[in-house]
Amino acid sequence: MRGTGCLLRSEGILLLLLQVYSAYADNFKVEVPVEPVSAHVGSSVLLPCRISTGASAVGMEVRWVKNGNEAVHVYVSGADLEGQQSLGFKGRTHLNKEALGAGNVSLQLNNVRVSDEGSYQCLIVSQSWFTDSTMKLKVSAVGSSPRFTVAGRLDSDVTLQCDSEGWFPKPELQWRNVKGADLTGRAVLTEKQGVDRLFTLQSALQISEQEADEITCLIRHGEEKKVLEARVHIGGEFFSLVAPLWKGLSVFFIVCLVLFALCISAAVYYYRKKEATKEIQRQNLLAECDDLRQEIKSKGFALKSEWKQIQAESVAVTLDPDTAHCRLTVSEDGKRVRDDCIDKNVPNTERRFDHHPFVLGREGFISGRHYWEVEVGKRVNWKLGVASESARRKGVLDLSPKEGYWVLQLMFGHDLRALTDPETPLKVLPPLKVGVHLDYEEGKLSFYRVEDRGVIYTFLGKFSGKLFPFFYPGDEGEELVILNKDTKNKDQSDNSVSLKMGHDKTGM
């Protein structure tokens with residue numbers, strides 16, 4: 001009977017302890033957010049956790065654990081135990097010691113990574129009780145804005161590529177045209193996930209000439225579907241126009257197939273229908289060609305037809321040694337000049353430049369249209385243009401139209417400008433060959449980049465009196481060679497800077 005009584009007393013004590021612990025557990029709870037906490041890659045986030053009663057946690061043990069087995073942060077009786085912390089979280093967590101006195105054990109996580117996403121357990125242990133609660137952290141990363149590149153061309157089609165990187169979770173990439181139609185189904189998408197678990201997207205879409213218009217690449221991300229987009233206008237210059245002969249042969253081939261496939265009566269009907277369609281297509285093509293011409297001209301380029309006409313107005317010019325500065329040496333045939341940087345004993349006539357190392361062409365123009373080319377190569381310093389016969393040649397000169405000079409200048413290999421008043425800086429690529437075209441009656445002097453027919457600059461005004469080609473060879477000591485049109489092909493391999501001119505019946 002005594003043993004039975006002792007057993008009953010032991011069970012009663014155990015029951016009492018369980019009731020006491022249950023009472024403590026009911027009173028001391030850990031409060032964490034019910035909804036997941038969101039954070040962006042690279043930012044800092046606060047993982048909220050507090051004791052419901054506000055009891056001080058300074059003398060307690062606080063543990064943060066990820067996914068039930070990875071130690072995020074350990075705090076015991078006033079000290080952080082970094083030795084018990086997982087390598088992936090070292091140096092990135094912070095527990096506010098001042099807030100512990102109010103029962104706030106929230107953890108700050110810095111430099112958030114994609115790998116930080118998951119479940120986090122906030123565990124508090126005292127001498128008489130322990131309790132815990134679990135919350136979730138969701139990580140996201142917004143990548144770069146979409147970028148367009150031309151990935152390739154096939155016949156008259158262009159392949160556009162849209163790239164963007166640094167996303168998590170994986171976003172959705174879409175293609176749309178100017179009418180809002182979805183073109184994504186035609187695209188080829190490549191997805192890559194780096195060691196940092198961020199996604200890189202690369203999508204390629206082939207566009208035909210008929211679809212040439214505004215194309216949009218959109219990236220939608222997250223539950224709120226955040227949208228980043230990029231637009232590109234695919235103009236006609238990306239496409240090669242099909243030769244009319246090829247067009248005719250294509251239509252003929254189609255008509256032949258129809259004739260072979262159908263009976264004679266049906267073939268006649270479809271042939272007439274195709275002819276009508278052909279005329280509509282021809283009209284549409286002419287309209288597209290007009291639009292393309294306007295677009296090319298608006299971007300500062302000469303059309304092929306205009307360029308041929310300009311080059312057909314080439315003239316032959318020779319240098320006039322009587323105008324050359326005393327430092328310049330002009331060959332006997334008047335086709336070569338260089339700056340020797342040594343003054344020579346020459347007659348100081350009214351026609352000769354005495355301060356600047358300039359020289360004029362022997363031929364002058366008082367009417368008509370005239371063209372010549374200058375191969376400037378990679379020279380870093382030159383001046384080209386025309387000068388009025390009455391323009392001052394002595395002393396320090398102001399090379400501006402009001403003084404009778406219309407001049408294009410390059411300095412330091414990159415500073416290209418028109419010598420207007422004030423000067424006009426030109427933000428164009430320095431040319432390797434310069435074409436100079438004078439239209440006397442129209443009052444226009446135009447400079448072209450010969451290699452791509454780009455218009456560098458055009459002087460507009462009104463000319464009077466005789467105009468002469470104007471040259472400054474620079475101070476590099478290299479010879480400037482003027483060639484007639486019939487010798488241009490022979491001298492193309494010459495390393496010297498060359499001026500290429502043709503014969504014009506209107507030349508003087």
In square angstrom, rounded to the nearest 10, how much accessible surface does H355 have for a 1.4 Å probe? 100
I need two numbers for the range 344-475: Rg to one decimal and Dmax as a whole number, Cα atoms only, in Å. 14.3, 43
How large is the Kirkwood hydrodynamic radius of the range 83-227, in angstrom, based on all distinct alpha carbon pairs? 19.1
Of the trypsin sites (Lys or Arg not before Pro) in the range 157-206, which ones lie in a loop per DSSP and count no more than 11 other C-beta atoms within 10 Å? K179
Can you list, bin by bin at 5 Å, the percent of alpha carbon pairs in the range 142-194, starting at 0? 4, 14, 24, 27, 18, 8, 4, 1
Excluding ligands and nucleic acids, what accessible area in Å² is computed for E279 using a 1.4 Å probe, to the nearest 10? 80
Using modelled amide H (1.01 Å from N, peptide plane; none on Pro or chain starts), what sits under 5 Å from the amide H of F301, excluding residues fewer than 5 places away? V455
My understanding is that a pair violates if its Cα-Cα distance is over 23 Å; which of K136/K170; K278/K308; K402/K466; K402/K444; K66/K192; K90/K226 do that in this structure? K278/K308; K66/K192; K90/K226
Local electrostatic count, E214, Cβ distance below 11 Å [Lys/Arg +1, Asp/Glu -1]: +1
Counting only protein chains, not ligands or nucleic acids, how are L183, L46 ordered by accessible area (probe 1.4 Å), most first? L46, L183
Honestly the range 33-78 on the Cα gyration tensor test (a ≥ b ≥ c root eigenvalues; a/c under 1.5 rounded, otherwise a/b vs b/c for prolate or oblate) is just prolate
When the Karplus curve 6.51 cos²θ - 1.76 cosθ + 1.60 is applied with θ = phi - 60°, which whole-Hz ³J(HN,Hα) does each residue of the range 79-91 get, with x for Gly and Pro? 9, 7, 9, 5, x, 9, 8, 4, 4, x, 10, 5, x
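The values are calculated or read from the model by the stated rules, or taken from the named source; none is laboratory data. As the structure is a computational prediction, the values presented were derived from the model and not from experiment. Every residue, glycine as well, gets a Cβ built from its backbone with ideal geometry; the counts of neighbours run over all protein chains shown. To get the accessible areas, we keep the full protein, side chains included, count just its heavy atoms, and leave off ligands, DNA and RNA. Shrake-Rupley method; radii C 1.70, N 1.55, O 1.52, S 1.80 Å.
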